[in-house]
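Asks: First the structure, which I've put down as structure tokens, then a few questions once you've had a look.
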């Protein structure tokens with residue numbers, strides 16, 4: 001892989017976002033407020049099996065990494081029905097020993113939605129640029145068209161059609177075009193302080209090398225609860241995601257199509273220590289089950305960080 005150079009596309013996206021926010025601020029009125037929010041966080045993470053999920057590659061070794069995340073979001077409520085928002089985020093992971101697995105991720109997104117009386121419709125676009133080990137690695141574009149409906153004071157249903165384009169540097173055989181649909185049901189209770197999300201997604205991914213092409217069914221569940229811990233505002237989250245992949249062509253090294261299962265579980269606790277400063281602890285486990293040896297592994301992650309919201 002060639003040495004990293006700042007992609008022109010990345011610079012143009014940042015410039016476009018900045019100009020859009022300035023223009024929006026200039027024309028925003030009292031009845032169409034433009035608001036900003038952001039986060040900064042830094043901490044450390046332990047990984048029992050340093051890996052790159054996108055390449056289905058694991059080192060078999062553990063390591064500790066310094067982690068940094070930053071994000072800025074802008075929300076423009078143009079009218080009672082029309083909403084526009086966008087943002088930029090950056091995350092960085094620096095391992096103590098396995099610097100070839102160091103990961104930087106830039107992401108930009110934009111979303112526009114319109115609230116009809118019966119339901120809400122919208123479209124969004126995400127652009128992600130990832131660097132691995134100091135070199136260009138992956139660019140991803142995802143466009144979604146979605147519709148949502150509030151079924152009652154407690155239930156909200158959202159469906160989406162998603163189109164994804166992945167472009168790898170140095171691993172072009174994995175370049176992919178994906179089409180998929182997703183459906184999520186949100187249940188809010190405990191006076192809005194708690195929520196439970198049930199989701200399903202179907203994806204059909206075609207790749208430059210047919211051995212990497214697959215169809216996948218994904219189910220996910222997430223629970224969130226805001227509460228007081230030692231007199232401090234706190235929030236706990238629990239999540240589970242299971243994806244079943246049905247590969248379409250033979251994998252040369254095993255002489256047969258793959259039939260993979262990927263199971264992820266996570267838990268996190270966020271507790272405020274100052275009005276805008278919180279401590280965040282998180283644990284994760286991933287189990288990858290595959291006929292291909294390099295894609296058959298498990299890993300555990302545990303992290304602790306400080307997060308500042310503004």
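Asks: Can you tell me which residue within the range 188-205, out of those that are surrounded by 15 or more Cβ atoms within 10 Å (Cβ to Cβ) and more than 21 Å from the chain's Cα centre (by Cα), is nearest to residue 163 (Cα to Cα)?
Replies: 188
Asks: Please go through the range 233-256 and pick out each residue that is over 23 Å from the mean Cα position of the chain (by Cα) and surrounded by fewer than 16 Cβ atoms within 10 Å (Cβ to Cβ).
Replies: Listed by number, the residues that qualify are 233, 249, 250, 252, 253, 254, 255, 256.
Asks: To continue, here is another question. Just name the residue that is farthest from the chain's Cα centre (by Cα) out of those in the range 56-99 that are outside any loop (DSSP other than H, G, I, E, B), modelled with pLDDT under 95 and surrounded by fewer than 16 Cβ atoms within 10 Å (Cβ to Cβ).
Replies: Going through the qualifying residues, I end up with 99.
Asks: Sticking with this structure for a sec: Out of the range 271-303, which residues are assigned to a strand (DSSP E or B) and under 20 Å from residue 39 (Cα atoms)?
Replies: Scanning the range 271-303 gives 271, 272, 273, 274, 277, 278, 279, 280, 281, 282, 303.
Asks: Of 294, 261, 298, which residue is at pLDDT below 95, surrounded by fewer than 17 Cβ atoms within 10 Å (Cβ to Cβ) and over 16 Å from residue 43 (Cβ atoms)?
Replies: 294
The values are calculated or read from the model by the stated rules, or taken from the named source; none is laboratory data. It should be emphasised that the depicted structure is a prediction, and the values quoted were computed from it without experimental measurement. So basically every Cβ, Gly included, is an ideal-geometry build from the backbone, and we count neighbours across all protein chains shown.
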